[in-house]
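In what follows, a structure is listed as C-alpha cells, so that the remarks can point back to it.
The values are calculated or read from the model by the stated rules, or taken from the named source; none is laboratory data. Everything numeric here is computed off the predicted structure, so don't read it as measured data. Counting neighbours? That spans all protein chains shown, and the Cβs are built from the backbone with ideal geometry, glycine included.
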Amino acid sequence: MAGITCPPTGNLRDGRVDESRFNFLLSIIKGVNPNDQLEAMLAAQMAVVHDATMQFARRLPHVETIQQQDSAERALNKLARTFAMQMEALKRYRTGGEQKVTVQHVSVNEGGQAIVGNVTQGAGATTPQKPATTTPTLTDARKSEMPIMSDRERAPIPLRRKSHGGKSSA
C-alpha cells in the first residue's frame, strides 16, 4: 500500500497510510465476510469504530487532567456502544429482521403447565384445516403428569360479591 496518499487523519504517517493499521482494518472487514456492498460498508465502519475505540482505550491510562479523562471516557463509551449497535444492525440485516429465541432452561412448578411450540389463538372459519399435530409438553420427571383439562370439564366458580351491608354473598 506504499504510495497511497490521503487527507490528514489519525491513520497517516508523514502523509502516507499506516500500512499495518490499514491491513488490520482490511482483515476485520474480511473477517466479517460481507455478503453484499451494504455489509461491506457496515464492516468498514465497524473496523474504523473498533480502531478508534482501541485508541481511546490506550489513551485513557495516560491522561493528565480530569477533563482529559472525562473526554476520553465519554468517547470510549460512545464508540463501544456504537460498535455494539453496528453488530446488532449487521445481525438484523443478515437475518432479515427475524428474531429467534432459544430457551435454555424452563422450570414448571406444581400446578403450572408449559407449552413448547408455536402458540396461536383459535383458528378462524376461513382457515383451511391442517392435520392435527401434537406439540411436546415439558414435564417434571419428579412429579406425576398433570391431567389436561378441557373447558367442558371445568365447573363455574361463583363470584363473591359484597353486599351493601358489608357481608359477602355468593
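Data for the structure
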| read-out | value |
| --- | --- |
| The stretch 25-58, residues that are acidic (D, E) and over 12 Å from L90 (Cβ atoms) | D51 |
| Odd one out for G117 among (1) within 19 Å of the chain's Cα centre (by Cα); (2) modelled with pLDDT under 75 | (1) |
| Which listed residue, of A75, A57, is out of contact with any Pro (no Cβ under 9 Å at 6 or more places or on another chain) and closer than 17 Å to I28 by Cβ | A57 |
| Whichever residue in the stretch 33-62 is surrounded by 15 or more Cβ atoms within 10 Å (Cβ to Cβ) and of a type in the set (D, E) and, among such residues, is nearest to the chain's Cα centre (by Cα) | E39 |
| Test for R74: is it touching a helix residue (DSSP H, G or I) at 6+ places or on another chain (Cβ under 8 Å) and either surrounded by 10 or more Cβ atoms within 10 Å (Cβ to Cβ) or small (G, A, S) (or both) | no |
